[in-house]
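Reviewing the structure listed below.
The values are calculated or read from the model by the stated rules, or taken from the named source; none is laboratory data. Please read all numbers here as calculations on a predicted model, not as lab measurements. Cβ sites come from the backbone with ideal geometry, for glycine too, and all protein chains shown count toward neighbours. Accessible surface areas use protein heavy atoms only, side chains included; no ligands, DNA or RNA. Shrake-Rupley method; radii C 1.70, N 1.55, O 1.52, S 1.80 Å.
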Amino acid sequence: MRFRVGLALSVLTLFIGVGCRKPLAPNVDRNVAPETWITQAPQDTITEKDSNGFPVVTPPGGAGTIPVRFHLYWAGSDRDGTVAGFYYAVVETIPVPPPGLFLPALPGPKPHDYHFTTRTDTTFIFDVSEFRADRQHAFFIYAVDDKGKPDPTPARFIFNALDRFPPDPYIFELKALGRIYRELGNGTLVSKDTTVFVHDSLTFDNQAKAPQDTVPSVSGLTIKWRGEPTIAGTYVTGYRYKLDEQNFIEAPAESTSKSYLAGAVAPGLKVFTLKVLDQAGGSQSTNRRFQMNYSPDTWFAGPDPNLFGPPNPVTHERSLTLPDMSSATLRATPQLRGTMLSSDSLVKLPAERPYQPTFYEIYKDKIYIHTEGDTVNLNSWVIFHAGGLDVDSPYNVAVKTNEPALSDTQFVTGPARVVRPGPPNGSPIGFQYLFSFLVTPFSSLVAPPLSGLAPVFDAARVDRNPVMGAYINTQQAAQVFITLKSVDGDGALDKRILDPRKTVLFGTDPALRTHVITFFVDKPPRLNFNQPGFVPRPDTTFFSRDNIKFNLFASDDDPFDLDPRNRPNPGGPSVTTVLRWTVTLRGTNLDGRDTTFAPPGAFRSSSPAITVSVPSYFAGQDVYAEIELCDCADCELAQGSGRCINFAGANAIHFRVPPPSAPAGATSQIQGPRPGPGSITGRSSR
């Protein structure tokens, strides 16, 4: 019994004890999250919303623009506690879009992008790029209270950071130290060290113009620079520069100069570019441009006009007859020793050759010396030699030991300096030629391309040209305009004359007129008045007006037949002579006015025997035969195949016939006095 009472009391006591314990707190978060807002910046695109609850971007349709260095302010509040700090993040787009693509959208911030701060303001320097001065960014910030609870709706604004004031770059010195040659006269050269300071920059305004500054080909270069910040509180972080380098070279902020050893920079058009970088990664650039390597000078270095003695008193030509044109004959000819047609041409460097505006012609067994305005034979060889001065380039003449033509050097009386490569010596390594010509009969302009280099003593090269002059085969009747252009050891070309025809005919570049020679090709045909049987001789009187038998004997000094069967080899005439005659009669009619008549069969006749009749409407007895004589069969269609000479006007052949009323007489003719030499001349249609 007592056991049961004790058990009941124990159960009651346990029940009472359990019922008196404190109840558990409910699992509910009563901590209110803090709020965050940006107090000074372009409009907060989270807290400002439109009527539909969507964020509003200010300005409408795009992000606002702020400087790359910008002071931001923000704030936070917590209704049931305090703000312990803030987490902020900055994200941006890539600097420039990939080729052919659009700029991608702004990325969202990742956890590692956030940084904690207890401050409520700071000055940011937002990143841009050296390739573009602006860049789109987004700034996110949210507060965290004292219990570690964050603001679930961070404040945010989207903006463009614009680097309007990147640091200023200054290149305050770019100098080149090299050696140049100077010509003192009589082929005497001296060299001296020279320093050139470069001041020219490449801009949009002068990009089509040549640089104002030129430095020697083998020069040492020194460049000095500095960068100056343009925004207070910022500084230069470094430089990038490039000259011949493939990519920009980075340099720290304390590096403000660069030197290149002589020979380290290849010759040509050079632009040194310097970029100065700021804390935002933005940059501003400047440059200096210059031409490294002076272009060579060129002049004609032809033969002495008196080399072959006085000119022929009849033809006024200066010529020398040789049995053949072999190298052995040229070497053995006393008049040619020491000239550019002998092996001694390998001795005298281009800078040592005197100016002489003359040239050679080779035709059949003769060598001629010509000057400006002369006429050469059609299908002859004309030969031009050049002198020149190059002040700075190595003498990298194109010579290899595999060249068989160098065997001539055994006959050289002195060192064959022309074919010995070496350091700069004041001479170009060779030349090219440029010529244009007006083709007969319509003066059609033909401008062939620039020739290859001469000399090239290298049997392995496709442009092999083991000669010391410009050898041109003249196969078109024309007026020719030629200029020579020296080439230096760095490959630079004398580019001063672009069209020699314009220099002569239009007076362009008058200071360079002596650098162009013009001459004519194709000696015109001529009537042989003194040949027995020539009809009509000047002032002949005929006893009949009908069936007058003309016999217009003619000749051509340089016949050229286009027929492939008769076409000659270069340097001589064709076997056949091509001539063409056209006769027109001129007289007066019954009114005393001049009138003309084209006899049948007298138009472009291939025979000198032409029968003409004077028409009855020629009232006067004085008749003039106007003759066109051509050394080409179809000159108008085959331009350049020859030229025509006209005996017209005062040069027409005068003869007399009976009046129209006179009865027909015998066919015999009374010959008038034979004209003296040169009394009848024709005019060539050049």
Subject >> Residue ID - least open to solvent (accessible area, probe 1.4 Å), chosen from residues in the stretch 181-204 that are part of a loop (DSSP other than H, G, I, E, B) and closer than 19 Å to A351 by Cα >> reply: G187
Original post:
Quick one: is L562 under 30 Å from W381 (Cα atoms), surrounded by 13 or more Cβ atoms within 10 Å (Cβ to Cβ) and in contact with an Asp or Glu (Cβ under 9 Å, 6 or more places away or on another chain)?
Top reply: yes
Subject >> Output for the stretch 499-513, where each listed residue is within 25 Å of E361 (Cα to Cα) and open to solvent by 10 Å² or more (accessible area, probe 1.4 Å) >> reply: D499, R501, K502, V504, L505, L512, R513
**OP:** Provide a single number: the residues in the stretch 219-237 that are surrounded by 13 or more Cβ atoms within 10 Å (Cβ to Cβ), closer than 19 Å to R288 by Cα and more than 33 Å from the chain's Cα centre (by Cα).
**Re:** 2
Subject >> Matching residues, the stretch 111-149, being of a type outside the set (D, E, K, R), surrounded by 16 or more Cβ atoms within 10 Å (Cβ to Cβ) and in a strand (DSSP E or B) >> reply: F124, I125, S129, Q136, H137, A138, F139, F140, I141, Y142, A143, V144
**OP:** Kindly provide the set of residues from the stretch 587-608 that are part of a strand (DSSP E or B) and surrounded by 13 or more Cβ atoms within 10 Å (Cβ to Cβ), ordered by number.
**Re:** G587, T588, T595, F597, S605
Original post:
Inside the stretch 150-174, can you point out the residues that are assigned to a strand (DSSP E or B) and over 26 Å from T237 (Cβ atoms)?
Top reply: P150, A155, R156, F157, I158
Subject >> Matching residues, the stretch 567-616, being free of Cβ contacts under 8 Å to residues at least 12 places away in the same chain and closer than 30 Å to I362 by Cα >> reply: R567, N569
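Output yes when any residue across the stretch 445-452 is crowded, with 23+ Cβ neighbours inside 10 Å and in contact with a Phe, Trp or Tyr (Cβ under 7 Å, 6 or more places away or on another chain), and no when none is. Walk me through how you get there before you give the answer.
Initial filter on the stretch 445-452 (crowded, with 23+ Cβ neighbours inside 10 Å): none.
The answer is no; no qualifying residue exists.
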**OP:** Select from the stretch 160-175 the residues that are open to solvent by less than 20 Å² (accessible area, probe 1.4 Å), modelled with pLDDT of 90 or more and among the hydrophobic types (A, V, I, L, M, F, W, C) and list them in ascending order.
**Re:** I171, L174
Original post:
Taking the stretch 475-498, which residues are surrounded by fewer than 18 Cβ atoms within 10 Å (Cβ to Cβ) and in contact with a helix residue (DSSP H, G or I) (Cβ under 8 Å, 6 or more places away or on another chain)?
Top reply: R496
Original post:
Looking at the stretch 505-572, what strands (runs of 3 or more DSSP E) fall wholly within it and have at least 1 residues that are modelled with pLDDT of 95 or more and closer than 30 Å to F300 by Cβ?
Top reply: 517-521
Subject >> Number of the exception - G178 against (1) open to solvent by 50 Å² or more (accessible area, probe 1.4 Å); (2) closer than 30 Å to V347 by Cα; (3) in a strand (DSSP E or B); (4) not β-branched (V, I, T) >> reply: (1)
Subject >> Unmet criterion (only one of (1) farther than 26 Å from G387 by Cβ; (2) surrounded by 15 or more Cβ atoms within 10 Å (Cβ to Cβ)) for S257 >> reply: (2)
Original post:
What do you reckon, is Q432 farther than 29 Å from G642 by Cβ, modelled with pLDDT of 95 or more and among the polar types (S, T, N, Q)?
Top reply: yes
Original post:
Restricting attention to the stretch 339-352, does a residue exist that is within 31 Å of the chain's Cα centre (by Cα), closer than 23 Å to T474 by Cβ and of a type in the set (D, E)?
Top reply: no
**OP:** Inspect all residues belonging to the stretch 514-526 and state whether any of them is buried (at least 19 other Cβ atoms within 10 Å of the Cβ) and touching a Pro at 6+ places or on another chain (Cβ under 7 Å).
**Re:** yes
**OP:** Please determine, by comparing only the residues of the stretch 311-329 that are open to solvent by 50 Å² or more (accessible area, probe 1.4 Å) and in a helix (DSSP H, G or I), which one is nearest to F519 (Cα to Cα).
**Re:** S327
**OP:** Residue by residue through the stretch 330-386, note down the ones that are open to solvent by less than 40 Å² (accessible area, probe 1.4 Å) and of a type in the set (G, A, S).
**Re:** S342, S343, S345, A351, G373, S380, A386
Original post:
Is at least one residue of the stretch 283-305 open to solvent by less than 40 Å² (accessible area, probe 1.4 Å), part of a loop (DSSP other than H, G, I, E, B) and without any contact (Cβ under 8 Å) to a residue 12 or more places away in the chain?
Top reply: no
